[in-house]
1. Dimensions of the range 80-157 along principal axes (Cα, Å, largest first)?
2. Among Asn199, Asn220, Asn82, which one moves the most in a GNM of the chain with springs linking Cα atoms closer than 10 Å?
3. Please compute the Kirkwood hydrodynamic radius over the chain, one decimal place, Å, based on all pairs of different Cα atoms.
4. Using 1/(1 + (r/R0)^6) with R0 = 25 angstrom and r between the beta carbons of Asn107 and Thr36, what's the FRET efficiency to the nearest 0.05?
5. Which residues among the range 86-121 fall inside the zone where the amide N is under 17 Å from a point 7 Å beyond the Cα of Gln165, along Cα→Cβ?
6. Restricting to DSSP H runs of at least four residues, report the calculated mean residue ellipticity at 222 nm for the chain, -39500 (n - 2.57) per run over all residues, nearest 500 deg cm²/dmol.
7. Based on the Cα coordinates of the range 30-80, what is the per residue volume of their convex hull in Å³?
8. Please give, to one decimal in nm, the separation of the simple spin-label points placed at Glu137 and Ile230, each 7 Å out from Cα toward the Cβ.
Amino acid sequence: MLCRLIKMNRFCLTIFLLILPSLQGCLQAENESDTTIRLATTTSLRDSGLLDELLPDFSQTSNIEIDVIAVGSGAAMSLAENNDVDVLIVHDPIREFEFIENGFAENRTTFAWNYFVLLGPENYAGSFLETLNWIIENDQCFVSRGDESGTHQKEQEIWRVLSNQSEFNFAEDDLGFHPIWDGYQSIGQGMGAAITISNELECWTLSDRGTALYRQGNTNLLIHEFNESILINPYSILLMNNEHNSQTVALRDYLLSSADRIDDYTVNNETLFTSGAPPS
């Protein structure tokens, strides 16, 4: 009887030792998931280099890793609606408020802003809308992101304003709201791709100022700045209410506490962003 018990205990010990690595792996995977959050952000914010400036220090000091998914603002919010991400950084205020009203986030916190600018192959002296009129009248090439991003939404907002002040024909179709002319090219891609294609084809495009300045040395396009209210471009962080809420709150608080670093972030001595919320 005693021998049988000893053999049984040895057998149980052997089984335990065999499955121990698997148990450790499960515990390790669970621990890793608790310290990793999924961030869906705009391609423009990634392409400006600001995230590369800020996020590594956050991960180092907090021991929270960030899995960055760079897509347009519309695609980012779709990921959040499907519970595929934990936190958003987007720049599409109208859809952000709709997102909150639909219960996907409790609030939004704006931590940085800049302006949209026009990139183009030549100089033109005029206001923002005058420049757009000139582009269409002279059958210039214009590259639209056409990807339901915050930049694409801003572009459509601008076209709607222009449609009330010009005699051009406009359409609302699968490409969104836009003028009808041969030079209009919709590519369905991110900000970096739009700038690259515009440079290759000598076209105009709408860009956030941060990405435009960050990529200025790699293109022949000129940056046209207008600093008009319609071109204000705020970046906000929205937190999903899930098991990673404490980590995403830590990320939000870190971004808000990084005002000096945001203001001091420059490319070729040019400031790309202003911290906080834009003037109302």
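1. Result, largest extent first: 46, 23, 19 Å.
2. Asn82
3. Value: 21.0 Å, from the Cα pair sum.
4. With a Förster radius of 25 Å, E is 0.60.
5. 116-118
6. The per-residue figure over the chain is -14000 deg cm²/dmol.
7. 64 Å³
8. With each label placed 7 Å out from Cα toward Cβ, I get 1.6 nm.
None of the figures in this text is laboratory data; all of them are computed from the coordinates on show. If you're wondering where the values come from, they're calculated on a predicted model, not measured in any experiment. Cβ: placed from backbone, ideal geometry, glycine included. Neighbour counts: every protein chain shown.
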